[in-house]
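Only one structure is covered here, and it is reproduced in the block below.
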Amino acid sequence: MFRNVAELVELAVSKNKKISEIMIEQEITVTGRSRQEIIAQMDRNLTVMEEAVERGIKGVTSHSGLTGGDAVLLQKYIEKGNFLSGETILDAVSKAVATNEVNAAMGTICATPTAGSAGVVPGTLFAVKRKLNPTREQMVSFLFTSGAFGFVVANNAFISGAAGGCQAEVGSAAGMAAAAIVEMAGGSPEQCADAMAITLKNMLGLVCDPVAGLVEVPCVKRNAMGAANAMVAADMALAGIKSRIPCDEVIDAMYKIGQSMPTALRETGQGGLAATPTGRLLAAKIFGIPLNEQ
Amino acid sequence: MKYRSVFDIIGPVMIGPSSSHTAGAARIGRVARSLFGREPKWANISLYGSFAETYKGHGTDVAIIGGLLDFDTDDTRIIDALKIADEHGMKIRFIEEDAVPEHPNTARIMIGDHNGELELVGISIGGGKIEITELNGFKLKLSGNHPAILVVHNDRFGAIAGVANTLAKYEINIGHMEVARKEVGKMALMTIEVDQNIDQHLIEELEKLPNILKVTKIVE
């Protein structure tokens, strides 16, 4: 069983296999389930992700009314063609937003690695799909590669905002997505690790400060930027840029930063954006509690 | 290693909005339901840490009750769980605790009916994964990911060997096992995670062994 990114990359290189394949082989060994069964389950997860994106880009609204409809705005903006950044990036952003808007509306999603960060991996996957035209099998592989990197983070650091802040959720998701994009685009296992490291480095220190404790503000837009971050980092790694700090050390840094984060900034809805005047006002409105009693 | 499967990371398929506060909470509730063996008539649920601070927004309350109603993480009935529980006549009370827990996402669930009660502490560690850390006052560590049997027994020599021998006879492999007791020589609890599902007749056979008081199974 691989315990860190270095071992994962080493396994892939020495066996001359893709990271997704190493993850599938480990899953067979650990669970005793058949390859067919494991791939079928991941295929079902992929279908859930597709349906969430489709629902989100048609437009949803959460019960609180705080989020919804932004994926629609972005899709319309892309159609007009006057965008400044790039079509694939914006498509990834809109589909990440779509997924998280569905999540906020208590819709059905697949956690990747968590529900609060569920937009980044599918958002980038379905945007890159339009560019690279992968087979269904390659799309399923994308999820196994994401899973392999997430597996390392979960076992060596954390993936929940309550434990390690948003860097542990959207940070991990963005790193996982970047690595999977690189593999789908034909990059090497080392380049996957570099893309993960570059992404996560730029998410370090990100706190979890949801307004009213809801997985909405700023979560939806953090998924948007997580997707953009993953796309750019994947391109950087594919261009041959390496991370000066090895991926495992970045993960360890993330862990130590998370451990030193105050409770108010770890999914308690007490600090950061949640504690701003507008954040507190929104919380008061949603729960019908006067400001001075919060 | 806490996370063993790729589906701990890419998954679960679930109703939003939070894997730890919604899906994990539903799973804790469902383990309590499974251990209790039937739908409880009442439930007192204490929430600690981040659970206490944000449960309304995350639907943690709805999700735990959904779990007590035996709904899975992707069951859309979770959304209406409070209403459904009310229709079933379940009396529910939520308590926001001030105490600082070891883990930020902690819930203590007390459930019962005319025939019995059960108290359980669960933590939601991220990505929908949970651990049960206390059951009826016994400290334990149960992932809820594998079929498991819980054996309440007298703290006497031979009790553990008797259970292990019976499992061996049916070719059931033990993946993880621990024993906890409150006082020497009194009541104790064996927690045994196994690789295969366990038939009811095996449970009955275990219950007939000397010094064994009660056997419950949890199926994945």
Legend entry - Criterion violated by residue B:86 - all others in (1) within 19 Å of the chain's Cα centre (by Cα); (2) of a type outside the set (S, T, N, Q); (3) over 21 Å from residue B:141 (Cβ atoms); (4) not in a strand (DSSP E or B) satisfied: (1)
Inset, instruction - Could you tell me which numbered condition residue B:117 fails, if it satisfies all but one of (1) assigned to a helix (DSSP H, G or I); (2) without any contact (Cβ under 8 Å) to a residue 24 or more places away in the chain? - result: (1)
Inset, instruction - Only residues that are part of a loop (DSSP other than H, G, I, E, B) and not basic (Lys, Arg): list them for the stretch B:2-41, please. - result: B:3, B:5, B:9, B:10, B:11, B:12, B:16, B:17, B:18, B:37, B:39, B:40
Legend entry - Residue within the stretch A:184-193 that is crowded, with 24+ Cβ neighbours inside 10 Å and among the acidic types (Asp, Glu) present: no
Inset, instruction - Mind listing just one residue for me: the one in the stretch B:71-97 that is in contact (Cβ under 8 Å) with a residue 24 or more places away in the chain and loosely packed, with under 14 Cβ neighbours inside 10 Å and, of those, nearest to residue B:52 (Cα to Cα)? - result: B:96
Legend entry - Within the stretch A:1-20, considering residues that are in contact (Cβ under 8 Å) with a residue 60 or more places away in the chain and assigned to a helix (DSSP H, G or I), the one surrounded by the fewest Cβ atoms within 10 Å (Cβ to Cβ): A:13
Inset, instruction - Quick one: which residue in B:130, B:92 is under 19 Å from the mean Cα position of the chain (by Cα) and modelled with pLDDT of 95 or more? - result: B:92
Inset, instruction - Name the residue, out of A:162, A:180, A:157, A:118, that is of a type in the set (Gly, Ala, Ser), in contact with a Phe, Trp or Tyr (Cβ under 7 Å, 6 or more places away or on another chain) and within 27 Å of residue A:70 (Cβ to Cβ). - result: A:180
Inset, instruction - Check every one of the helices (runs of 4 or more DSSP H) wholly within the stretch A:149-203 and list those with 2 or more residues that are over 24 Å from residue A:213 (Cα atoms) and touching a Leu at 6+ places or on another chain (Cβ under 9 Å). - result: A:172-184, A:189-201
Legend entry - Evaluation of residue B:32 against (1) modelled with pLDDT of 95 or more; (2) under 12 Å from residue B:120 (Cα atoms); (3) of a type in the set (Gly, Ala, Ser) (one fails), failing number: (1)
Inset, instruction - May I ask you to list the residues in the stretch B:163-175 that are modelled with pLDDT of 90 or more and part of a strand (DSSP E or B)? - result: B:174
Inset, instruction - Could you tell me whether any residue of the stretch B:158-165 is surrounded by fewer than 20 Cβ atoms within 10 Å (Cβ to Cβ), more than 14 Å from the chain's Cα centre (by Cα), within 14 Å of chain A (Cβ to nearest Cβ) and not acidic (Asp, Glu)? - result: no
Inset, instruction - Would you be able to say whether some residue in the stretch B:138-153 is within 14 Å of chain A (Cβ to nearest Cβ) and either of a type in the set (A, V, I, L, M, F, W, C) or surrounded by 22 or more Cβ atoms within 10 Å (Cβ to Cβ) (or both)? - result: no
Inset, instruction - Kindly list, by first and then second residue, each pair from a residue in the stretch A:121-145 that is farther than 18 Å from residue A:111 by Cα to a residue that is in a helix (DSSP H, G or I) and small (Gly, Ala, Ser), limited to pairs with Cβ atoms under 7 Å and residues at least 6 apart or on different chains. - result: A:127/A:92
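The values are calculated or read from the model by the stated rules, or taken from the named source; none is laboratory data. These figures come from a predicted structure and were not determined experimentally. So basically every Cβ, Gly included, is an ideal-geometry build from the backbone, and we count neighbours across all protein chains shown.
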